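Down below is the structure, laid out as structure tokens.
The values are calculated or read from the model by the stated rules, or taken from the named source; none is laboratory data. All of these numbers come straight from a predicted model, not from anything done at the bench. When we count neighbours, we look across all protein chains shown, and the Cβ atoms used for this are built from the backbone with ideal geometry, even at glycine. Ligands, DNA and RNA are stripped out before the accessible areas are found, and what is left, the full protein with its side chains, is counted by its heavy atoms. Shrake-Rupley method; radii C 1.70, N 1.55, O 1.52, S 1.80 Å.
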Amino acid sequence: MLSSNGNQAQYVYFLLSGAVALAIIVLAYISVRTTLDSKLREDLGALQKTFNYMKPSWSYNNTWRQIGSKANHLIYSAYFDDRLDVLETIINHKTRVPIGSLRIFAILPRPFNDAVTCTIRFENFIDEKVPLGRVQPMNEDHGFKYAPYSIRCPLYVNRNNSNMSLPQSVAISYASNRLSQLSPTFVPISYPRDIEQLFAISRPVLSVCVGPLQQNYTDALRIAEFVEMYRILGARHFYFYHLSSSEDVLRLLEHYQREGIADVLQWNVPTELLNDVHYAAIMAQINDCVYRAMTVDNYRYAAIVDLDEVLIPLKHNSLAQYMHQCDEGRTSAYVFRNVFFYKLDSNDSFSMPAHTRNRFSYTQMKVRRTLEIMPAHQRSKCIVNTHSIIEMGNHFVWRAVPGYTEMTVPQSVGLLFHYRDKCVNCKAQLMVDYTARRFGSLIWDRVDETCGQVFTKSGICTM
């Protein structure tokens, strides 16, 4: 009996030893593969920068375009992404090497079972087809019939070409939409405005991505306050996506565009689709904006916010100063936790100057906020490092480049001030918070100045 138990123990010992040895071999193999893969990407990255690239001529504005014969199958934009570390696998051989990928934004049914092919077109009308297989919708589709898709198409070139003509446009096709194969819907590929910025170190500029303007948006005063507040906080550029608004709002946006402060991009989601896709395809809009800030303008930072949201630094004079002092280089997103200020709450006009023409300000007259600070990822908003993002969500990062991680901003350092029209919990306990009033001496005058420039007769931005 003792001998039998001894044999069993010895057998178990040998099994465990074998399992441990196998695990060590597997880990060693993974470690070697990872080292070799990192070295390969490093070598290809160095090679990538030796080519002489020729950028095609094109327009930077995009519109939603129908793909083939299928209604509500749409394609919007494509961006050249020079990051080799977003490629899941790299096929390296003697003649063809990757120089990056193309990131395409589209709206398709959910689920979508077709295998997708992307067709890359050069200025001389030579096409190159790249089979991609099945594609998945972006996160946060909320169960709607249609969803945004972020499609990555790897871009390989001949190793021996010193002068490299970059492709001009790209299309996607699939079997269930025969016309998409016979007559592809091409969209222009976005590159840096200045081709010299290709592969350059990102510029430490804060930009702002604003959610789609829709439902005939009419509050010009809120837009003026929003833009001027973020400019005070250090933002240099704004991206607006316009679906529908009043004439006054459009006049104000066009003013900011003429001043070089904003891009106003057409967001022409078809009316019949708006009930079948979440919030005017906001996930496509957010990610299009992040890739635009990264690719076209080479901005390092983008705040992902709506018009009723202001990211407030509590220990720094501006958001730009906070990023300059706190960014150590490997943070994908700075997550600001949310507190609410409610429109239904009474106005405090104590700090309003007597000479002010536009006599309302959310940030200066709403001074009571919810006592509860919501957890990160619940109603939170972010400033992202655009060069670290693969897929951005509304409240947090879904996928980042390997090696980057999120950071939740301590509540003593910064908060998201959310000036909401409708209260989430009208019985929530409120506390007085005058933090935003430290910008009051600037914001009142800046809003008046802007509204006076746009609406010269009245000097008033409509609410």
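Observations on the model:
- Area projected by the alpha carbon convex hull of the stretch 220-264, averaged over all directions, nm²: 2.9
- Rh (Kirkwood; distinct C-alpha pairs) - the stretch 187-228, Å: 14.0
- Förster radius 35 Å - calculated FRET efficiency between ASP327 and GLN136 (Cβ-Cβ, nearest 0.05): 0.65
- Calculated P(r) tail over 18 Å for the stretch 81-141, as whole % of Cα pairs: 51
- Share of pairwise Cα-Cα distances greater than 27 Å in the stretch 296-426 is 26 percent (whole percent).
- Close Lys-Lys pairs in the chain, where close means Cα under 22 Å and separation is 8 or more or interchain: 17
- For the chain, leaving out every one of the GluC sites (Glu not before Pro) that falls in a DSSP loop and has at most 11 other Cβ atoms within 10 Å, the longest unbroken run is 89-258.
- 15 Å cut-off, amide nitrogen to a point 7 angstrom out along ASN275 Cα→Cβ, residues in the stretch 123-146: 144-146
- Using a cutoff of 8 angstrom between alpha carbon atoms and counting only pairs six or more residues apart, the relative contact order for the stretch 229-373 works out to 20 percent.
- Translational diffusion coefficient (Stokes-Einstein; Kirkwood radius from C-alpha pairs) of the chain at 25 °C, 0.890 mPa s, in µm²/s: 100
- Accessible heavy-atom area order of HIS395, HIS73, highest first, probe of 1.4 Å: HIS395, HIS73
- Cα-based shape type of the stretch 48-118, given that a ≥ b ≥ c are square roots of the gyration tensor eigenvalues and the cut on a/c is 1.5: oblate
- Relative contact order, percent, the stretch 127-259 [alpha-carbon distance under 8 Å, six or more residues apart]: 17
- Of every Cα-Cα pair in the stretch 52-169, the percent that sits beyond 22 Å: 39
- Value of relative contact order over the chain, rounded to a whole percent, pairs C-alpha under 8 Å and six or more apart: 15
- Cysteines in the chain lacking a second Cys C-beta under 4.7 Å: CYS326, CYS382
- Gyration tensor over alpha-carbon atoms, the stretch 373-463, equivalent ellipsoid semi-axes in Å: 32, 21, 14
- When all protein chains stay in place and ligands, DNA and RNA are ignored, the 1.4 Å accessible-area order of ILE195, ILE90, largest first, is ILE195, ILE90.
- Directionally averaged projected area (convex hull, Cα atoms, the stretch 221-327), nm²: 7.7
- Loop-resident sites, the stretch 359-459, for chymotrypsin sites (Phe, Trp or Tyr not before Pro), counting at most 13 other Cβ within 10 Å (DSSP): TYR434
- Antiparallel bridges, percent of DSSP beta bridges restricted to the chain (to nearest 5): 65
- Taking the centroid of alpha carbons for each part, the stretch 66-119 and the stretch 259-278 are 21 Å apart.
- Working note: Cα gyration tensor of the stretch 167-280, eigenvalues times five, square-rooted, sorted largest first, giving semi-axes of 30, 23, 11 Å.
- Among the trypsin sites (Lys or Arg not before Pro) in the stretch 363-463, those located in a DSSP loop and surrounded by at most 11 other Cβ atoms within 10 Å of their own Cβ are LYS422, LYS427, LYS457.
- Beta bridges from DSSP with both residues in the stretch 305-463: antiparallel share about 65 percent, rounded to the nearest 5.
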